[in-house]
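Trainee: Dropping the structure in here first, questions after.
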Amino acid sequence: MIKENLKEVEARIAMACERVGRDPNEVTLIAVSKTKPVEMLQEAYEEGVREFGENKPQEMRDKYPCLPSDIHWHMIGHLQRNKIKYIIDKACMIHSVDSARLAQAISEEAGKHGLVIPVLIEVNMAKEESKFGIMPEEVWAFVREISTLPNIRIEGLMTIAPFTVHPEENRIHFRNLKKLSVDIGAKNIDNVNMRHLSMGMTGDFEVAVEEGATMVRVGTGIFGARDYTV
Ligand SMILES: *Cc1c(COP(=O)(O)O)cnc(C)c1O
């Protein structure tokens, strides 16, 4: 099932790219494996997947030693400062930086390991009260504030769009995030490079790709529905 799902998602990404004249190689598919057992990750690995996304630090820490070391682990979920230590030497990127205190703590912890860790700034594009993330109008000041931290490197923006059965409704949020990233990138701020846009999930990744996503985070579409009751 994972094999067929992967083929289908990859084909849909390729078609979305074709519709807007993008090169599919510009889009990285992150297989969001949260709640799924390592056997399923292994199966995806055998189909060629090397980018995995987890949203809980302990879960990433626990899965990490069970799987091959050439996997790139993306921390995509809300991160508490006291849990950074579980993943700082395991994550290739943290997609969910949403406060200056968190950015500071990540930089400090990375410093202890002699690392400079790539991070994305999570933006709450739809201004949903239930969501984490920096408000769009505050991103500029936030970027400047954390750009001076020595052990993080700002590599772009991330958003979790509202849940909807109509993906077209999220187009405006993806388009606005892209615009924000282009505007910030044009300012050439030290230590800031807007090369990545992490946006799009199972329900809306094609629209996100059409609007410029460089990373899509797909869980259900690859691994099937999650069961939170076990
Ligand atoms: C769970 C999760 C996803 C994947 O969601 P699906 O709808 O299953 O594709 C993507 N991004 C984040 C931040 C997540 O927590």
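Trainee: Does at least one position in region 35-49 carry a residue that is among the charged types (D, E, K, R), within 15 Å of the ligand (Cβ to nearest atom) and farther than 23 Å from residue 209 by Cα?
Mentor: The first filter runs over region 35-49 and keeps only residues among the charged types (D, E, K, R), leaving 36, 39, 43, 46-47.
Checking which are within 15 Å of the ligand (Cβ to nearest atom) leaves us with 36.
Now drop any that are not farther than 23 Å from residue 209 by Cα, which leaves 36.
Checked against the condition, which is being among the charged types (D, E, K, R), within 15 Å of the ligand (Cβ to nearest atom) and farther than 23 Å from residue 209 by Cα, region 35-49 yields at least one hit.
Trainee: Regarding region 45-52, can at least one residue be identified that is over 18 Å from residue 29 (Cα atoms) and open to solvent by 10 Å² or more (accessible area, probe 1.4 Å)?
Mentor: No, region 45-52 contains no residue that is over 18 Å from residue 29 (Cα atoms) and open to solvent by 10 Å² or more (accessible area, probe 1.4 Å).
Trainee: Another question, then. So, in region 52-76, of the ones that are touching a strand residue (DSSP E or B) at 6+ places or on another chain (Cβ under 7 Å) and without any contact (Cβ under 8 Å) to a residue 24 or more places away in the chain, which residue ends up nearest to residue 121 (Cα to Cα)?
Mentor: Across region 52-76, the extreme among qualifying residues is 75.
Trainee: Somewhere in region 118-128, is a residue polar (S, T, N, Q) and open to solvent by less than 80 Å² (accessible area, probe 1.4 Å)?
Mentor: Let us first name the residues in region 118-128 that are polar (S, T, N, Q), namely 124.
Cutting the leftovers down to open to solvent by less than 80 Å² (accessible area, probe 1.4 Å) gives us 124.
Taking every residue of region 118-128 in turn, at least one turns out to be polar (S, T, N, Q) and open to solvent by less than 80 Å² (accessible area, probe 1.4 Å).
Trainee: Follow-up. Within the group 145, 211, which residue is of a type outside the set (Val, Ile, Thr) and exposed (fewer than 14 other Cβ atoms within 10 Å of the Cβ)?
Mentor: Numbers: 211 fails: exposed (fewer than 14 other Cβ atoms within 10 Å of the Cβ).
Of the residues listed, the single one that is of a type outside the set (Val, Ile, Thr) and exposed (fewer than 14 other Cβ atoms within 10 Å of the Cβ) is 145.
Trainee: Scan region 75-104 for residues that are open to solvent by 20 Å² or more (accessible area, probe 1.4 Å) and small (Gly, Ala, Ser) and jot them down.
Mentor: Here is the first cut: in region 75-104, the residues open to solvent by 20 Å² or more (accessible area, probe 1.4 Å) are 78, 80-83, 85-86, 89-90, 92, 98-101, 104.
99, 100, listed by residue number.
Trainee: Is it the case, given these coordinates, that residue 113 is at pLDDT 95 or above, open to solvent by 30 Å² or more (accessible area, probe 1.4 Å) and under 15 Å from the mean Cα position of the chain (by Cα)?
Mentor: Taking the combined requirement at face value, the residue does not satisfy it.
Trainee: OK, next. For residue 36, all conditions in the list (1) open to solvent by less than 10 Å² (accessible area, probe 1.4 Å); (2) part of a loop (DSSP other than H, G, I, E, B); (3) in contact with a Phe, Trp or Tyr (Cβ under 6 Å, 6 or more places away or on another chain) hold save one; what is the number of the exception?
Mentor: For residue 36, the exception is condition (1).
Trainee: A follow-up question, please. Quick test of your reading of the structure: residue 198 fulfils all but one of (1) surrounded by fewer than 18 Cβ atoms within 10 Å (Cβ to Cβ); (2) polar (S, T, N, Q); (3) in contact with a strand residue (DSSP E or B) (Cβ under 6 Å, 6 or more places away or on another chain). Name the failing condition by number.
Mentor: Tallying (1) surrounded by fewer than 18 Cβ atoms within 10 Å (Cβ to Cβ); (2) polar (S, T, N, Q); (3) in contact with a strand residue (DSSP E or B) (Cβ under 6 Å, 6 or more places away or on another chain), residue 198 fails exactly one: (1).
Trainee: From 29, 6, 79, grab the single residue that is in a helix (DSSP H, G or I) and either within 15 Å of the ligand (Cβ to nearest atom) or touching a residue at least 40 places away in the same chain (Cβ under 8 Å) (or both). Talk me through it step by step, then tell me what you get.
Mentor: Working: 29 fails: in a helix (DSSP H, G or I); 79 fails: in a helix (DSSP H, G or I).
Just a single option satisfies the conditions, and that option is 6.
The values are calculated or read from the model by the stated rules, or taken from the named source; none is laboratory data. Given the structure is predicted, the values throughout are model-derived calculations rather than measurements. Cβ sites come from the backbone with ideal geometry, for glycine too, and all protein chains shown count toward neighbours. Note: accessible area is taken over every heavy atom of the protein model, side chains too, but ligands, DNA and RNA are not part of it. Shrake-Rupley method; radii C 1.70, N 1.55, O 1.52, S 1.80 Å.
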